[in-house]
1. Residues being under 15 Å from the mean Cα position of the chain (by Cα) and surrounded by fewer than 10 Cβ atoms within 10 Å (Cβ to Cβ): count how many of those fall in the stretch 24-43.
2. I need a count of the residues in the stretch 1-23 that are within 13 Å of the chain's Cα centre (by Cα) and polar (S, T, N, Q).
3. Looking only at the chain, count every residue that is modelled with pLDDT of 95 or more and among the hydroxyl-bearing types (Ser, Thr, Tyr) and tell me the total.
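The values are calculated or read from the model by the stated rules, or taken from the named source; none is laboratory data. Keep in mind that what you see is a predicted model, and the values were worked out from it rather than measured. So basically every Cβ, Gly included, is an ideal-geometry build from the backbone, and we count neighbours across all protein chains shown.
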Amino acid sequence: MSVYQLKSRFQHILRPLVRALAARGITANQVTTVAAAVSIALGLFLSVA
């Protein structure tokens, strides 16, 4: 299976989630900001643990 086939399947799986977020007015920048915050928090947690 090629990377392009995986990308297509991954996009197909994510489409309903993306539509739901967009319907609620959530932007891509908001998703990125939350993902960055979660990553930083998890990194801090793991560095202390």
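1. 1
2. Selection size over the stretch 1-23: 1.
3. Adding up the residues that qualify gives 5.
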